[in-house]
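The values are calculated or read from the model by the stated rules, or taken from the named source; none is laboratory data. No experiment lies behind these values; they were computed from the predicted model shown. Glycine gets a Cβ as well: all are built from the backbone with ideal geometry, and neighbour counts include every protein chain shown. Surface areas here come from the heavy atoms of the whole protein model, side chains and all, with no ligands, DNA or RNA. Shrake-Rupley method; radii C 1.70, N 1.55, O 1.52, S 1.80 Å.
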Amino acid sequence: MIRARQPAEFLGCRSISRREVLGMVAGSALLLAPLVPRAQSITTRSVSFLHTHTGEKLAVNYWCDGQFQAQCLQPLNHFLRDFRTGEVATMDAGLLDILHQLQVLADRDSTFEVISAYRSPQTNANLSSNSSGVAKRSLHMEGKAIDVRLTGFSTKKLQQLALSNQHGGVGFYAKSDFVHLDTGRVRAWAG
């Protein structure tokens, strides 16, 4: 089990020189342009989480030195596990970029409240048999989906930002007050 972390405690990376930053910017500006606004630093990307069911907190610098940080992804997989069964899966790191981009668009450094991330096939089958709002072949089972809120930010506005971002699926669940995000094809729905 991951110990609770305060948002200021990051699993992180080392400092890098100005020369290294300039080299990364020159080499990756075209590749990252659709994901990162010009004003946003591309040297480090971070996200903070609070799991609404377990009470656990995690903050990670998941991207440093031009690459995903493996030492951050493993604890993140555990944090985003199926909280009902304890089963851990490899989460799609692209979800982190979607979440980070939403923080940038929202102009907030807030915590994402996680309602659901990975779901085992057993958990998903149980949920889908009790609710028409749970897909039988959900991307949650592949580690490619997450249901979240952004602390202190309207869930409806979060949904609108996600739709404008045009990266993956966006589901809006007003009654339950969360947004579903995934790395599948671009599509949208309300539940």
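Within segment 138-168, the set of residues being surrounded by fewer than 17 Cβ atoms within 10 Å (Cβ to Cβ), touching a Leu at 6+ places or on another chain (Cβ under 8 Å) and either within 14 Å of Val114 (Cα to Cα) or modelled with pLDDT under 95 (or both) comprises Thr151 only. Looking across segment 59-85, the residues that are buried (at least 18 other Cβ atoms within 10 Å of the Cβ) and within 14 Å of Tyr118 (Cβ to Cβ) come down to Leu76, Phe79, Leu80, Arg81, Asp82, Phe83. The listed residues are Gly171, Gly184, Gly133, and the only one of them that is in a loop (DSSP other than H, G, I, E, B), open to solvent by less than 30 Å² (accessible area, probe 1.4 Å) and farther than 22 Å from Val60 by Cα turns out to be Gly184. In the set (1) over 18 Å from Thr183 (Cα atoms); (2) surrounded by fewer than 18 Cβ atoms within 10 Å (Cβ to Cβ); (3) at pLDDT below 90, the condition left unmet by Leu127 is number (2). When Leu76 is tested against the conditions (1) in a helix (DSSP H, G or I); (2) farther than 12 Å from Ile146 by Cβ, the lone failure is (2). The numbered conditions (1) of a type outside the set (Ser, Thr, Tyr); (2) open to solvent by less than 50 Å² (accessible area, probe 1.4 Å); (3) modelled with pLDDT of 95 or more are all true for Val88 except (2). Residue check, Trp189 against (1) within 23 Å of Asp82 (Cα to Cα); (2) open to solvent by 10 Å² or more (accessible area, probe 1.4 Å); (3) in a strand (DSSP E or B), all met but one. Which one? With respect to (1) within 23 Å of Asp82 (Cα to Cα); (2) open to solvent by 10 Å² or more (accessible area, probe 1.4 Å); (3) in a strand (DSSP E or B), Trp189 is out only on (1). In summary, Val88 fulfils each of the numbered conditions (1) within 15 Å of Leu181 (Cα to Cα); (2) among the aliphatic types (A, V, I, L, M); (3) not in a strand (DSSP E or B) with the single exception of condition (1).
The residue list Arg137, Arg108, Arg81 contains one member that is among the basic types (Lys, Arg), within 20 Å of Gly191 (Cβ to Cβ) and out of contact with any Ser or Thr (no Cβ under 7 Å at 6 or more places or on another chain), which is Arg137. If you go through segment 91-101 one residue at a time, do you hit one that is outside any helix (DSSP H, G or I) and either open to solvent by less than 10 Å² (accessible area, probe 1.4 Å) or farther than 18 Å from Asp147 by Cα (or both)? The answer is no, given that none of the residues of segment 91-101 is outside any helix (DSSP H, G or I) and either open to solvent by less than 10 Å² (accessible area, probe 1.4 Å) or farther than 18 Å from Asp147 by Cα (or both). Of the set (1) open to solvent by less than 30 Å² (accessible area, probe 1.4 Å); (2) at pLDDT below 95; (3) in contact with a Leu (Cβ under 7 Å, 6 or more places away or on another chain); (4) in a loop (DSSP other than H, G, I, E, B), all apply to Arg108 but (1). Checked against (1) within 21 Å of Ala188 (Cβ to Cβ); (2) of a type in the set (Ser, Thr, Tyr); (3) part of a loop (DSSP other than H, G, I, E, B), Ser128 meets all criteria but (3).
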